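Peer 1: A single structure is presented below for examination.
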Amino acid sequence: MSVLVAVLQFAAGTVILASGLPVLVSVGPGGLAPEDPLRLLPFAVLCCTELLRTRAPGIGLSIALVLAGTELLYDVAVPTLLVVMDLLFAAVLYGKRDTSRRVVWSAGTLVLVLVVLSIISAHDFREVVVRVVQVCTIPLIPVWWGVNVRQHRDAAVSERARADQLARIADLDRDAAVREERARMARDLHDVIAGHLSAIAIQSEAALSMVDGDTAAMRRVLRSVRENSVQSLTEMRAMIHLLRSAESGMEHTAPARLRDIAQLLESARAAGLSVSASADLDDPLPVAVDLSAYRIVQEALTNVVKHAPGAQASVTVGRRDAVLVVEVVNDRTASTVDGGAGRGLLNMRERAEAVGGVLEAGPHQRQWRVRAELPAGEV
């Protein structure tokens, strides 16, 4: 690009000089005509400084000013002024910030000095106006233009950088959402496997230990085993279908709700627990809170079945103002799960915290209690 500018500047300047038009800015004693061949050599060297307009604009401008200064001995040609003006523009636009600032201040100072000298040397107001216009247009127009173009360019660069940052933040948010969704699915898988399959194993062991003559009890246990198996397969199939689907945001099955808590109670009773329940669910709940409460009850009953078989348990679900309170209590404090470090308790706490609630699990009045308080004010 710089080579093309240099060539065009030299070609246009040569045409102007060869035309013999009186297009000189007379500042010296004169001596060379516009078409004089002696002007071509210094003008060619001056045009070569255009090669530095983008790579080293400050150096190019300095060399051009020195070469233009030599023409003060025999008048300054308009093509020379055009080259100097272009290099002023390039120095402001392409130069480093310090270089651009120095060029702007230098041009402003030069214009101020020239204006003062014009006022002092002029004889009337009209002559002052003409001289001010002459001296101001040469340095001010390219500098003003360069400053404006540079400001727009810097603004475009800033906007582009901001857009890149926003795109990066969007990528990070998307990755975080994917990780969060995977963690949620991992919790769901744990609840399905630990809940249904643990119940199946315990109920199968109970069926094997029954006497041959208790046919009714055997049927009840086997029916519960079948229901847990079907429910487990249904939830696993829905989750696998969700993972394989391109529209991962769509729910393919209705999520579990507290209104289905009777299935959990029947499964626990079939495993040998004596379970009582008290639920006050007249008002609808937010879907996330409803699912979290269901999973907490499921995990708590599973822990009781695994660690306190044959115990008596009670499930209480109710509202207190804008808080949903879920309690699962059994009468054996020995049902602790590794001192509270089991994965099931961790999943329950994560589910409660995910919806803005809290969960406590531990001994309480010679019993083992799991208590969750979940926000349920907004439906």
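The values are calculated or read from the model by the stated rules, or taken from the named source; none is laboratory data. These numbers come from a predicted model, not from an experiment. Neighbour counts run over all protein chains shown; Cβ positions are idealised from the backbone, glycine included. Accessible surface areas use protein heavy atoms only, side chains included; no ligands, DNA or RNA. Shrake-Rupley method; radii C 1.70, N 1.55, O 1.52, S 1.80 Å.
Peer 1: Sort 123, 152, 307 from largest to smallest accessible area, using a 1.4 Å probe on the heavy atoms of the protein chains.
Peer 2: 123, 152, 307
Peer 1: Excluding ligands, DNA and RNA, what is the solvent-accessible area per residue of segment 107-170 at a probe of 1.4 Å, expressed in Å²?
Peer 2: Accessible area per residue, segment 107-170: 72 Å².
Peer 1: With each pseudo-label sitting 7 Å past Cα toward Cβ, what's the residue 163-residue 276 distance in nm, one decimal?
Peer 2: About 6.8 nm separates the two model spin labels.
Peer 1: If I model a spin label as a point 7 Å beyond the Cα along the Cα-Cβ vector, how far apart are those points for residue 1 and residue 283 in nm?
Peer 2: It is 6.6 nm.
Peer 1: Between residue 279 and residues 5 or more places away or on another chain, which pairs have amide H atoms under 5 Å apart, with H built 1.01 Å from N, and which residues are they?
Peer 2: Sorted by chain and number, the residues that satisfy this are 317.
Peer 1: Ok, one more. So with the 1.4 Å probe, I'd like the accessible area per residue for segment 262-325, rounded to whole Å².
Peer 2: 41
Peer 1: Go through 357-369, 80-92, 284-296 and give me the packing order, highest mean Cβ count within 10 Å leading.
Peer 2: Going from most to least packed, we get 80-92, 284-296, 357-369.
Peer 1: Pull out the extension gain between residue 15 and residue 262, defined as 0.36 nm times the separation in residues minus the alpha carbon to alpha carbon distance; nm, one decimal.
Peer 2: 79.1 nm
Peer 1: Hand me the trypsin sites (Lys or Arg not before Pro) from segment 58-140 located in a DSSP loop with no more than 12 other Cβ atoms within 10 Å, in residue order please.
Peer 2: Passing both the DSSP loop test and the Cβ count: 96.
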